[in-house]
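The values are calculated or read from the model by the stated rules, or taken from the named source; none is laboratory data. As the structure is a computational prediction, the values presented were derived from the model and not from experiment. Counting neighbours? That spans all protein chains shown, and the Cβs are built from the backbone with ideal geometry, glycine included. All accessible areas refer to the heavy atoms of the entire protein, side chains included, with ligands and DNA or RNA removed. Shrake-Rupley method; radii C 1.70, N 1.55, O 1.52, S 1.80 Å.
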Amino acid sequence: MQRIVDFFFGTCRLTLKGPWPLRTINHMSDAGVPFWDLRDEDGALHFVIYRRDLPGVKELCERDGSVLYSEVFGFRHRMRGLKGRYVLLSVLPVVFVMVLFLQNFIWYLQVEGNETLCEEQVLQALESIGIAPGTYVRTIDGQQVKNHMLALLPELEWISVNKHGGWATVLVKERRQTPEVTDPHLISNVVACRAGVISDMQVYSGFAVTEVGDSVLQGELLVSGLGSSWNAVVCRNAQADVYAYTRHETQLILPEESAQADFTGEEKSSWSLIVGKKRWNFFSNSGISLTGYDKIERVYQFALPGGISFPISLVKTICRTYEPIPTLIPEEQAKSLLQQAEKDCVAARLAAGVILDTQQELILQDGLWRLHAVSSANEMIAQTVMINPWSNEEFE
Amino acid sequence: MKRPVRMLLKAAKAIDVPPQLIREVPRVTMEANTRVFVENHGGISSYSEQRICIYTALELLQIEGSGLRIERMDRQNIWICGVIEQVGYRGRD
């Protein structure tokens, strides 16, 4: 405690040399100057006094003919570097107050424990119940957050928001998905969802009514859930993997002429500041009179070196003007564009399987590139359909 | 004005008054053999790690030992620490 007091009052370690240093010590004592840690080393007296007594001690030393060397310690001495730095001195209390004030708000949200849910989903749900960067910490009630979040995100089993100053960690535990159990008492058929020639067939349950090499139409029965054993009808939940060679016919068109952007070189840039969800534009005239322009935004996010980003970002918006110029698409380019589109289109139709072969024909007709493609694929065509053997419709 | 302390002490003894009532009487308090607290001192006569002599109203207070050091000193009190072997009064030189 004494050390803390000494630090704030400020102390001086003095070295006293002279013919009668003890006389000076006695004079100091008579003058009521407290001192401590007196040592006699190398023919000189070393001791410590309060900084405020230094001028008086200097005067006494001069009177007694002693030489004094002083070394100053303490708070004021430490803070002497701030002398004359008025900007720093004025900013320091502001920073101090800001640190005290800003820690009452959440500035960074971190989600932990999520596996299937993405962080954005959790953050959006939190935002919808009023927890986002800028939220006052004391308004967050853990139990209410939990209740609302579990209602909003059924995938969650448990959630907790831990606050550490301006930092909030959202701990989530996702509900364990129970595997889907097939009810063995259901009765179903497996039918073809597309016409084709069966290439492979794996029947897990039910009675196969087709075999490999058979050609089937869309909706045709492949595996039946109803069968007979002796004189009884057996009902099954038919399950099978059936692959078939199928044929996909596709027509795609592309305009022969398209507008290409020809940049004029004119460029207009502006700056904005985004704090949380609020955006401030640092320009008065935000209107762009040009008809065609590309808008490019460069976002500079404020972040700490560790990777923690603040909800503050500086955005530079660049508008580059261009003139749309009609340009003819060359055949090669049109072909590659349409081929890729056709491939994506067929791949999207397949539930499972591969595209085996594609035959394409590209023609230019009435200002349009037309691609006629025929693809053959080996794909899964099995589709499970529930049936009710007791309904009249099925038995008619 | 300097008061005649010796005479006052004799008078106090005669009328059976405790000498502590006389303001100038030095008071020495010793804590084990590591610390001495001297009240009502009159300054330091000599100072070394082996011996410290202190002026008092009566006689010269002599403290002997090893590693002696004045821990703190103000107008009335002196705190001395170190290994104290002997504390006594001796006539002024």
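Things worth noting here:
- Residue in the stretch A:250-264 that is out of contact with any strand residue (DSSP E or B) (no Cβ under 8 Å at 6 or more places or on another chain) and in contact (Cβ under 8 Å) with a residue 60 or more places away in the chain present: no
- Residues being closer than 15 Å to A:Ala244 by Cα and surrounded by fewer than 15 Cβ atoms within 10 Å (Cβ to Cβ) - total across the stretch A:350-388: 5
- Checklist (1) within 33 Å of the chain's Cα centre (by Cα); (2) open to solvent by less than 80 Å² (accessible area, probe 1.4 Å) applied to A:Thr327, failing item: (1)
- Subset of the stretch B:39-61 (residues that are open to solvent by less than 10 Å² (accessible area, probe 1.4 Å) and at the interface with chain A (Cβ under 7 Å from one of its Cβ atoms)): B:Gly43, B:Ile44
- Selection within the stretch A:65-98: residues that are among the β-branched types (Val, Ile, Thr) and under 30 Å from A:Pro21 (Cβ atoms). The member of this set that is surrounded by the most Cβ atoms within 10 Å (Cβ to Cβ) is A:Val72.
- Scanning the stretch B:56-91 for residues that are among the charged types (D, E, K, R) and in a loop (DSSP other than H, G, I, E, B) yields B:Glu59, B:Asp74, B:Arg75.
Yes/no matrix, rows are residues, columns are (1) touching a residue at least 60 places away in the same chain (Cβ under 8 Å); (2) outside any strand (DSSP E or B):
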{"site": "A:Val145", "(1), (2)": "no, yes"}
{"site": "A:Ala151", "(1), (2)": "no, yes"}
{"site": "A:Lys163", "(1), (2)": "no, no"}
{"site": "A:Arg176", "(1), (2)": "no, yes"}
{"site": "A:Thr182", "(1), (2)": "no, yes"}
{"site": "A:Asn189", "(1), (2)": "yes, no"}
{"site": "A:Leu222", "(1), (2)": "yes, no"}
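- Checking each residue in the stretch B:52-93 for being touching a residue at least 40 places away in the same chain (Cβ under 8 Å) and of a type outside the set (S, T, N, Q) picks out B:Ala57, B:Leu58, B:Ile78, B:Trp79, B:Ile80, B:Cys81, B:Gly82, B:Val83, B:Ile84, B:Glu85, B:Val87.
Conditions tested, residue by residue: (1) closer than 30 Å to A:Asn189 by Cβ; (2) open to solvent by 90 Å² or more (accessible area, probe 1.4 Å).
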| residue | (1), (2) |
| --- | --- |
| A:Ala238 | yes, no |
| A:Glu257 | no, yes |
| A:Ala261 | no, no |
| A:Trp280 | no, yes |
| A:Ala303 | no, no |
| A:Glu323 | no, yes |
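- Screening B:Ala32 with (1) open to solvent by less than 70 Å² (accessible area, probe 1.4 Å); (2) farther than 22 Å from A:Asn26 by Cβ gives one miss only, at (1).
- Test for B:Ile22: is it within 14 Å of chain A (Cβ to nearest Cβ) and surrounded by 13 or more Cβ atoms within 10 Å (Cβ to Cβ): no
- Of residues in the stretch A:282-301 being among the aromatic types (Phe, Trp, Tyr), farther than 30 Å from A:Pro330 by Cβ and at pLDDT below 85, the one least open to solvent (accessible area, probe 1.4 Å): A:Phe283
- Those residues of the stretch A:38-64 which are within 60 Å of the chain's Cα centre (by Cα) and either more than 14 Å from every other protein chain (Cβ to nearest Cβ) or open to solvent by 30 Å² or more (accessible area, probe 1.4 Å) (or both), in sequence order: A:Arg51, A:Arg52
- Look at the stretch A:267-284: where a residue is touching a residue at least 40 places away in the same chain (Cβ under 8 Å) and a partner is open to solvent by 100 Å² or more (accessible area, probe 1.4 Å), sitting 6+ places away or on another chain with Cβ atoms under 8 Å, you get A:Ser270/A:Phe282; A:Trp271/A:Phe282; A:Ser272/A:Trp280; A:Ser272/A:Phe282; A:Leu273/A:Trp280; A:Leu273/A:Phe282; A:Ile274/A:Trp280.
- Taking the listed residues A:Val191, A:Val209, the one that is hydrophobic (A, V, I, L, M, F, W, C), closer than 21 Å to A:Glu379 by Cα, open to solvent by 70 Å² or more (accessible area, probe 1.4 Å) and in contact with a Leu (Cβ under 7 Å, 6 or more places away or on another chain) is A:Val209, with no other qualifying.
- Filter result (more than 10 Å from chain A (Cβ to nearest Cβ) and closer than 17 Å to B:Thr29 by Cβ) within the stretch B:65-77: B:Gly65
- All positions within the stretch B:1-51 that are assigned to a strand (DSSP E or B) and free of Cβ contacts under 8 Å to residues at least 24 places away in the same chain: B:Arg27, B:Thr29, B:Glu31, B:Ser45, B:Ser46, B:Tyr47, B:Arg51
- For the stretch A:139-160, taking the residues that are aliphatic (A, V, I, L, M) and surrounded by 15 or more Cβ atoms within 10 Å (Cβ to Cβ), the one that is nearest to A:Glu112 (Cα to Cα) is identified as A:Ile159.
- Identity of the residue in the stretch A:161-173, at pLDDT 90 or above and buried (at least 16 other Cβ atoms within 10 Å of the Cβ), that ends up farthest from the chain's Cα centre (by Cα): A:Val172
- Meets criteria (farther than 30 Å from A:Glu115 by Cα and open to solvent by 30 Å² or more (accessible area, probe 1.4 Å)) for A:Leu186: yes
- When restricted to residues that are under 14 Å from A:Leu171 (Cβ atoms), part of a loop (DSSP other than H, G, I, E, B) and of a type in the set (D, E, K, R), the stretch A:111-143 contains 1.
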